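See structure below.
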Amino acid sequence: MTDIPLSHVFTYTDVDRAYWAEHLEDWMPARLVDAHVHFMDDRYRIETITEAMRRQYWVNELVAAQPAETLAHCYRTVYPGRAVTCVGMGFAGLGWETEGGNAYVIEQARRYGWRALAVVRPTWVAEQVAWLLDQPGVIGVKPYYSLIGWDRDTRDRYLEASIFDFLPHHQLEVLNDRRAWVTLHVPKADRLGHPDNLREIREIRRRYPRIILVIAHLGRSYTLPHAEEGLLPLADEEGLYFDNSAVLNPAVHALALRALGPSRILYGTDNPVFYLRGRRQWHGRTYVNRTSYPFYFNREREAPEIEATYTLYMYEALKALKDACAAVGVGRAGVEAMLHDNAARLLRTANTQE
Ligand SMILES: [Zn+2]
């Protein structure tokens, strides 16, 4: 069959159809919630991505705005026959027009029956956050440390910030009142296991218990050491949720399933980045992204016969989750909880006065 365009330079090919049929068709539930996905129209892009920026950070080469129509088309393509909804957000960074981008996400989420997270700047007053939570379809917010300040040369200028530097208490109070959903991408080079992160997350849970707090990317635990340092200390923190977006590592998924159980894990893709074609390899605390597209970061190519077998990273992530479920003994109820039921349940109460 012919290739189907996805987003950016990515396509859906016969390799992907075969991979879906072999590994995923019988395993994926009929209904799905993608609890972490980005969509945006390119007209809200302020910053021009320079060659230097493309070389500086691999994701800069992959963040092409995926408009809502493209996301809907991609869902039909990559999850054939499935009923899919999502928790969608724009891009959290000062290279995008924040207010216009939020308005776009809200409008499109309403059109497609999705739910929206508003990108929030730490300088905003409580009333601005409250106003966003009053908009139809908005269930919560997406803060991010690079919204603290602008730096053309690096997105990591504020990497070592405190969570409260980009998610201040006056905003947390409103979010708590509204029982809002917060998808939190944790700061620090040491990731989730940094003592400040662990302490501040526990503080948020204690002071703002009505917030639906979802730690993104299993706390940026892409390697097993990072997962052990971050997830194990929070294993007993009932009511704290994690999305598993961007995690391709079967050992990390298995550890998360053992430490947290399937009732606290939400499936997410982090697309459009994870339409990337290839595979990831891990060495201690680092990883290498293998792909067949000639990006700058793609310095060490694998043999053509290996590259020919590459499928989408999002499929690799699902296969890793499936293998981890088998290894840990998670049955159908657990699979359906992660891929649909947990998020669906939380969406019923998020940003309500119940
Ligand atoms: Zn993301």
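The values are calculated or read from the model by the stated rules, or taken from the named source; none is laboratory data. All values reported here derive from a predicted model rather than from experimental measurement. In this analysis, Cβ positions are derived from the backbone assuming ideal geometry, glycine residues included, and neighbour counts consider all displayed protein chains.
Condition check for residue 93 on (1) more than 18 Å from residue 8 (Cα to Cα); (2) not in a loop (DSSP other than H, G, I, E, B): one failure, at (2).
Which residue, of 315, 275, is surrounded by 16 or more Cβ atoms within 10 Å (Cβ to Cβ), aromatic (Phe, Trp, Tyr), under 19 Å from residue 37 (Cα atoms) and within 16 Å of the ligand (Cβ to nearest atom)? Let's see the steps before the verdict.
On the way: 315 fails: within 16 Å of the ligand (Cβ to nearest atom).
After applying the criteria, what remains is 275.
Could you list all residues from the stretch 189-212 that are in contact with a helix residue (DSSP H, G or I) (Cβ under 6 Å, 6 or more places away or on another chain) and not acidic (Asp, Glu)?
Start the filter on the stretch 189-212 by keeping residues that are in contact with a helix residue (DSSP H, G or I) (Cβ under 6 Å, 6 or more places away or on another chain), which leaves 191-193, 198, 200, 208, 210-212.
Residues satisfying the conditions are 191, 192, 193, 198, 208, 210, 211, 212.
Answer yes if at least one residue in the stretch 332-341 is exposed (fewer than 15 other Cβ atoms within 10 Å of the Cβ) and under 28 Å from residue 86 (Cα atoms), and no otherwise. Yes, that holds for at least one residue.
Residues that are surrounded by fewer than 19 Cβ atoms within 10 Å (Cβ to Cβ) and among the charged types (D, E, K, R) within the stretch 98-154 comprise 99, 107, 110, 111, 121, 127, 134, 151, 152, 153, listed in sequence order.
Contact annotation: residue pairs with Cβ atoms under 6 Å, 6 or more positions apart or on different chains, pairing a residue in the stretch 65-93 that is more than 14 Å from residue 267 (Cβ to Cβ) and more than 16 Å from the ligand (Cβ to nearest atom) with a partner that is outside any helix (DSSP H, G or I) and polar (S, T, N, Q), are 70/7.
Check 32, 24 and return the single one that is out of contact with any Ser or Thr (no Cβ under 8 Å at 6 or more places or on another chain), aliphatic (A, V, I, L, M) and modelled with pLDDT of 95 or more. If you could, list the steps in order and put the result at the bottom.
Values: 32 fails: out of contact with any Ser or Thr (no Cβ under 8 Å at 6 or more places or on another chain).
The match here is 24.
Checking 290, 280 one by one, the residue that is in a strand (DSSP E or B), in contact with a strand residue (DSSP E or B) (Cβ under 6 Å, 6 or more places away or on another chain) and touching a residue at least 24 places away in the same chain (Cβ under 8 Å) is 280 and no other.
Beta carbons closer than 8 Å, at least 6 apart along the sequence or on distinct chains, pair a first residue in the stretch 249-272 that is at positive phi with a second that is within 16 Å of the ligand (Cβ to nearest atom) and hydroxyl-bearing (Ser, Thr, Tyr) for 270/245.
Residue 110 falls short on exactly one of the conditions (1) in contact with a strand residue (DSSP E or B) (Cβ under 9 Å, 6 or more places away or on another chain); (2) within 18 Å of residue 45 (Cβ to Cβ); (3) in a helix (DSSP H, G or I), and that condition is (2).
Where helices (runs of 4 or more DSSP H) fall entirely within the stretch 181-267, those with at least 1 residues that are buried (at least 23 other Cβ atoms within 10 Å of the Cβ) and within 15 Å of the ligand (Cβ to nearest atom) are at 217-220. Scan the stretch 9-32 and give yes if some residue there is in contact with a helix residue (DSSP H, G or I) (Cβ under 6 Å, 6 or more places away or on another chain) and within 16 Å of the ligand (Cβ to nearest atom), otherwise no. Scanning the stretch 9-32 turns up no residue that is in contact with a helix residue (DSSP H, G or I) (Cβ under 6 Å, 6 or more places away or on another chain) and within 16 Å of the ligand (Cβ to nearest atom). Scan the stretch 310-318 and give yes if some residue there is part of a loop (DSSP other than H, G, I, E, B) and out of contact with any Lys or Arg (no Cβ under 6 Å at 6 or more places or on another chain), otherwise no. No, there is no match, as no residue in the stretch 310-318 is part of a loop (DSSP other than H, G, I, E, B) and out of contact with any Lys or Arg (no Cβ under 6 Å at 6 or more places or on another chain). Here the stretch 34-51 is the region considered, the condition is being buried (at least 17 other Cβ atoms within 10 Å of the Cβ) and more than 16 Å from the ligand (Cβ to nearest atom), and the residue that is nearest to residue 7 (Cα to Cα) is 41. In this structure, does residue 279 turn out to be more than 26 Å from residue 17 (Cβ to Cβ) and of a type outside the set (Gly, Ala, Ser)? So residue 279 fails the test. Residues considered: 12, 44, 57. Of these, the only one that is touching a residue at least 40 places away in the same chain (Cβ under 8 Å), more than 25 Å from residue 294 (Cα to Cα) and of a type in the set (Phe, Trp, Tyr) is 44.
The residues in the stretch 54-64 that are out of contact with any Ser or Thr (no Cβ under 8 Å at 6 or more places or on another chain) and away from the ligand (no atom under 16 Å from the Cβ) can be counted, and the count is 2. Among the residues of the stretch 137-144, some residue qualifies, meaning at least one is away from the ligand (no atom under 16 Å from the Cβ) and farther than 30 Å from residue 320 by Cα.
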